[in-house]
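Report on the following structure.
The values are calculated or read from the model by the stated rules, or taken from the named source; none is laboratory data. Predicted, not measured: the structure shown is a model, and the values here were computed from it. Using ideal geometry, Cβ is built from the backbone for each residue, glycine included, and neighbour counts are taken over all protein chains shown. Only protein heavy atoms, including side chains, enter the accessible area calculation; ligands, DNA and RNA are left aside. Shrake-Rupley method; radii C 1.70, N 1.55, O 1.52, S 1.80 Å.
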Amino acid sequence: EKMEIYLMFLQHIVASMKPGGHAAVVVPTGFLTAKGKIPMAIRKRMVESKMLRGVVSMPSNIFANTGTNVSIVFLDASEEHDHALLMDASKLGEKRKVDGKNQRTFLSADEIEQIISTFNSDTESDGFSVKASYEDITTKKYSFSAGQYFEVKIEYVSLTSKEFDAELAKRMETLGELFA
């Protein structure tokens, strides 16, 4: 398995965390769920040493020179945690062209404040942030992706069979148009 350079940095950071130490590391979002032996071992170590404080998945093109989707992993060795706050901020921001060519995503001051205050207050917010216990994270093969921990909310609407048939016909037609 070839080892990407960022994994070496990550391993080094995790290994050199002193008691009371804090770290924020920008990683490719793929790291959060990577199935490889090394990324999984690193995530496992963060959880088992109870230092994973949280993860924020950023919108695409948040950095000018890379299209790689990135996330920020927050480590805190000042106390033992029992859960991490996983946040999906990937839908925030506004895409703008820079120099008339490259697209970049810009976060507004309010959005930045929303990310920071949600993180610092360790609060859950529908479809945005979720407290994932280390137990759950372990069960989900050390996935740090917020989406895997959101509760799925299903809204039931009672339809008569006639309404159902009409709705189905409408959706099939839309589907037909999309395929066309």
So, Arg45, is that one out of contact with any Leu (no Cβ under 9 Å at 6 or more places or on another chain), buried (at least 17 other Cβ atoms within 10 Å of the Cβ) and basic (Lys, Arg) or not? no
Out of Ile116, Ile154, I need the residue that is within 29 Å of Lys44 (Cα to Cα) and β-branched (Val, Ile, Thr). Which one? Ile116
In the stretch 1-26, what residues are exposed (fewer than 13 other Cβ atoms within 10 Å of the Cβ) and part of a loop (DSSP other than H, G, I, E, B)? Glu1, Lys2, Met3, Ser16, Lys18, Pro19, Gly20
When the residues of the stretch 48-63 are narrowed to those that are open to solvent by less than 10 Å² (accessible area, probe 1.4 Å) and within 18 Å of Asp76 (Cα to Cα), which ends up farthest from the chain's Cα centre (by Cα)? Leu52
Looking for something in a loop (DSSP other than H, G, I, E, B), under 30 Å from Gly21 (Cβ atoms) and among the small types (Gly, Ala, Ser) - is there at least one such residue anywhere in the stretch 157-167? no
So which residues in the stretch 1-53 are among the aromatic types (Phe, Trp, Tyr), in contact with a helix residue (DSSP H, G or I) (Cβ under 9 Å, 6 or more places away or on another chain) and more than 22 Å from Val130 (Cα to Cα), if there are any at all? Tyr6
Residue list for the stretch 136-156, restricted to those being open to solvent by less than 90 Å² (accessible area, probe 1.4 Å), in a loop (DSSP other than H, G, I, E, B) and touching an Asp or Glu at 6+ places or on another chain (Cβ under 9 Å): Ser145, Tyr149, Phe150
Is it the case that the stretch 160-167 has a residue that's in contact (Cβ under 8 Å) with a residue 24 or more places away in the chain, of a type in the set (D, E, K, R) and open to solvent by 90 Å² or more (accessible area, probe 1.4 Å)? no
Consider the stretch 86-135. How many of its residues are touching a residue at least 40 places away in the same chain (Cβ under 8 Å), open to solvent by 50 Å² or more (accessible area, probe 1.4 Å) and of a type in the set (D, E, K, R)? 2
Given the conditions (1) modelled with pLDDT under 90; (2) in a strand (DSSP E or B); (3) closer than 17 Å to Ala24 by Cβ, every one holds for Arg104 apart from (3)
Out of the residues in the stretch 26-70 meeting the condition of being closer than 23 Å to Ser125 by Cβ and polar (S, T, N, Q), tell me which one is modelled with the lowest pLDDT. Ser60
State which residue is farthest from the chain's Cα centre (by Cα) when the search covers only the stretch 103-161 and only residues that are among the acidic types (Asp, Glu) and farther than 29 Å from Lys35 by Cβ. Glu155
